[in-house]
Amino acid sequence: MTNPQDDPTKGHVRSLFSEEEIAERVTALAGEIAASEPNRMLFVIVLKGGFVFGADLVRALGREGVRLEVEFISLASYGSRLETSGEVQIRRDIEVAVSGRDVLIVDDVLDSGLTLKFAHELMRSRGASRVSIAVLVDKPEGRRTELEADYVGFTCPNYFVVGYGMDAAHAWRELPYVGVLEPHSSEAG
Ligand code: IMP
Ligand code: MG
C-alpha cells in the first residue's frame, strides 16, 4: 500500500443499512421464502461473503418452520476487483447431490451477476428441480449478464459496500451493519 488514503482496510464506514433495518428485511425475506413452500430445501451459502446473511436467514427460516439442509460453496471470479474477467471457478464445492432438490443460493452481493449466474447454471446442470437466489444487496447498475435474484434485501447504487460479511481487502466483514467505505480525509480525519 503506497498511499495510506487508498488502503481499503482503513478509513471510516458510513452506515447505509442499520442492524435493525437488516433484521427487518431478513425476517421479511424468510416469510417470502417460506410462502414459496420449499420442499427439503438445500440452502447453499456462497463463501465467504454470504456467511453472515446466510446465518441470519437460516435462523429466520427456522422461525418460519422451514426445514432445510445447509451447504457451502466457495467461488472465485478472476480479474481485478473492479473488472472481473468473467471466469468463475469453484474453490470449494458443496458435498451433496442436488438432483431433484429445491436449491436456494445465498450470497452477499449481486453485482455483475457472473458469480451467481455460474452458481445457478451449476445447480441446474446437476439436476436441481428448482433454483432460487437470495442476496442481501443488489447493485443493478453493475450487471453484465441477464440475471435477477428472487429475493433481495436491499437495492443500492454502484457503491462498494462493506460489513455484515462483505469485505474490502479482507477487512470489515465483522461490522453488524452495511456501509460505504469513506477513505480518511486529510482535512477532517
Ligand atoms: P458479481 O460481480 O455479481 O459476480 O459479484 C462477485 C462478488 O463480488 C460478490 O459475491 C461479492 O462477494 C463481491 N462484491 C461485489 N460487489 C461488492 C461490494 O460492493 N462489496 C463487497 N463485495 C462485493
Ligand atoms: Mg461473494
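Treating each Cα of the stretch 19-156 as one equal point scatterer and applying the Debye formula with no solvent, the log10 of I(q)/I(0) at q = 0.12, 0.18, 0.20 Å⁻¹ comes out as -0.43, -1.00, -1.24. Quick one: grab the alpha carbon gyration tensor of the stretch 95-170, order the square roots of its eigenvalues as a ≥ b ≥ c, and give me rounded if a/c is under 1.5, else prolate or oblate depending on whether a/b is larger than b/c. Note, shape of the stretch 95-170 comes out prolate. Seen against the Cα atoms of the chain and their longest principal axis, helix 114-125 is set at about 10 degrees.
Near the amide H of Tyr164, within less than 5 Å, lie the amide hydrogens of Leu175, Tyr177, all on another chain or at least 5 residues away, with H placed in the peptide plane. The H on the amide N of Phe72, modeled in the peptide plane, is under 5 Å from the matching H of Ile45, Glu95, each at least 5 residues off or on a different chain.
In terms of other Cβ atoms within 10 Å, Thr9, Thr115 run from fewest to most in the order Thr9, Thr115.
Taken together, the values in this text are just the output of simple stated rules run on the coordinates, not laboratory data. These figures come from a predicted structure and were not determined experimentally. So basically every Cβ, Gly included, is an ideal-geometry build from the backbone, and we count neighbours across all protein chains shown.
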